[in-house]
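Shown next, in structure tokens, is the structure this report addresses.
The values are calculated or read from the model by the stated rules, or taken from the named source; none is laboratory data. The shown structure was predicted, so the numbers you read here are calculated from the model rather than taken from an experiment. FYI the Cβ positions are ideal-geometry reconstructions off the backbone, even for glycines, and counts take in every protein chain you see.
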Amino acid sequence: MANNLHAILYHFILQGKKMQIWDIENEDISKKMKKLPSKYPELISLFQKLLDDFFKINRNNKHENLIIIIDGLDEAGVAFSEYNIKDYFTTYDENGEVNGEWKSKPNIKWIFSFREGFYSFPNLENIFSLNNVQPLLGLSEGSVESALTKFSPSKEFINTVIERGHVS
């Protein structure tokens with residue numbers, strides 16, 4: 001994917017569709033999923049709507065949580081430096097103008113990795129800071145448990161995170 005926050009949103013929306021975590025029975029949402037918006041604010045609004053109203057809990061997700069991980073956030077500004085992660089937490093009107101702040105539900109957790117000094121995050125109760133990471137070593141069970149303790153993940157979830165974070 002291109003190194004920008006716009007492309008990351010496309011990836012998250014399409015990945016969620018593939019994983020069947022969006023309830024796309026709604027006609028309006030179904031249309032938007034077939035032809036995703038090209039304008040950045042419209043895409044953000046769609047992603048927020050999917051998270052707020054159309055996140056479907058499947059039977060394997062006993063804790064009803066969703067963890068969104070963006071690794072290398074500082075590299076996402078390469079193509080479009082005017083985009084900022086704070087945009088994801090902003091609401092927009094039909095003209096693409098900022099009209100407020102968006103807060104994700106408490107069952108949605110965000111994990112960002114980036115070089116220090118690149119971003120100023122909104123003050124939300126579900127954003128935490130973890131200063132110790134293991135770059136290029138993959139994820140150990142201890143590091144995943146430590147990073148996700150506040151979310152009370154199941155052992156199965158921890159193992160899935162380790163598996164998907166495997167570095168080859």
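Points to keep in mind about this one:
- Residue within the range 16-37 that is touching a Phe, Trp or Tyr at 6+ places or on another chain (Cβ under 7 Å), touching a residue at least 60 places away in the same chain (Cβ under 8 Å) and under 30 Å from Asn159 (Cβ atoms) present: no
- Note on the range 57-74: among residues that are modelled with pLDDT under 80 and surrounded by 14 or more Cβ atoms within 10 Å (Cβ to Cβ), the one that is nearest to Thr149 (Cα to Cα) is Asn61.
- Hits in the range 52-107 (condition: in contact (Cβ under 8 Å) with a residue 12 or more places away in the chain, β-branched (Val, Ile, Thr) and in a loop (DSSP other than H, G, I, E, B)): Val78
- Residue match in the range 36-56 (condition: among the acidic types (Asp, Glu) and either at pLDDT below 80 or more than 28 Å from Leu148 (Cα to Cα) (or both)): yes
- Restricted to the range 13-28, and to residues there that are crowded, with 17+ Cβ neighbours inside 10 Å and part of a helix (DSSP H, G or I), the residue that is modelled with the lowest pLDDT is Gly16.
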